[in-house]
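Since the structure comes first, as structure tokens, the remarks are kept for the end.
The values are calculated or read from the model by the stated rules, or taken from the named source; none is laboratory data. Please read these numbers as outputs of a predicted model, since none were measured by experiment. No Cβ is skipped: glycine too gets one built from the backbone with ideal geometry, and neighbour counts run over all protein chains shown.
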Amino acid sequence: MIKIQTNQNPTNGKAFLAKNETTRSLEEALAQCQEQGMRLSRQRRSILELLWRCEEHLSAREIYDRLNQEGKDIGHTSVYQNLEALSSHGIIECVERCEGRLYGHISEAHSHVNCVDSGKIVDVYVELPEDLIQEIEARTGVEITDYRINFYGHQKSDAE
Ligand SMILES: [Zn+2]
């Protein structure tokens, strides 16, 4: 996870900083499942472990393939049903793409950097300056409680 803060004033940015540092661990996600009364089957646990380990955004198909490559015996339908249940309970992230849904391990608000060349999505926390948020609120009459920004671009040629 990459953190980008535009607001250097600690008295201004504090609430956002505190919130942004609460990316849940796998253990916390498992605890959250139990709090919500979700049964933690072996399959469900395997899916969560995979998402937390790889930190990517994967389709149900990719998750199914990877788990089976690892020798986990889990059916197609079970993967789909578990992903739906986990995302509808707010345990994992679900990104709607025209090609289908992708699932990620962070459920709280965050931004995405989308590489158009590779299709890769990188999670970033971008903190906008307080005065910009206030201006958006003033112009729209909407009190901003969170935001998710989508950045798009090409692979930089000098990147490693
Ligand atoms: Zn994400």
Would you tally the residues in segment 70-99 being within 13 Å of the ligand (Cβ to nearest atom) and of a type in the set (Lys, Arg)? 1
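So that you can scan it fast, the table gives a plain yes or no per residue for (1) within 19 Å of residue 148 (Cα to Cα); (2) not polar (S, T, N, Q):
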| site | (1), (2) |
| --- | --- |
| 31 | no, yes |
| 38 | no, yes |
| 60 | no, yes |
| 77 | no, no |
| 82 | no, no |
| 96 | yes, yes |
| 105 | yes, yes |
Looking at (1) touching a strand residue (DSSP E or B) at 6+ places or on another chain (Cβ under 8 Å); (2) closer than 30 Å to residue 30 by Cβ, can you tell me which one residue 109 breaks? (1)
Please list, ordered by residue number, the strands (runs of 3 or more DSSP E) wholly in segment 98-155 having 3 or more residues that are touching a residue at least 24 places away in the same chain (Cβ under 8 Å) and exposed (fewer than 11 other Cβ atoms within 10 Å of the Cβ). 150-153
Please enumerate the residues belonging to segment 100-126 that are within 16 Å of the ligand (Cβ to nearest atom) and acidic (Asp, Glu). 108, 123
For residue 37, all conditions in the list (1) away from the ligand (no atom under 16 Å from the Cβ); (2) assigned to a helix (DSSP H, G or I); (3) out of contact with any helix residue (DSSP H, G or I) (no Cβ under 7 Å at 6 or more places or on another chain) hold save one; what is the number of the exception? (2)
Of the residues that make up segment 70-82, is at least one among the β-branched types (Val, Ile, Thr), under 16 Å from the mean Cα position of the chain (by Cα) and at pLDDT 95 or above? no
Members of segment 52-72 that are aliphatic (A, V, I, L, M) and in contact with a Gly (Cβ under 9 Å, 6 or more places away or on another chain): 58, 60
Just one of (1) modelled with pLDDT of 90 or more; (2) closer than 30 Å to residue 133 by Cβ trips up residue 19, so point out which. (1)
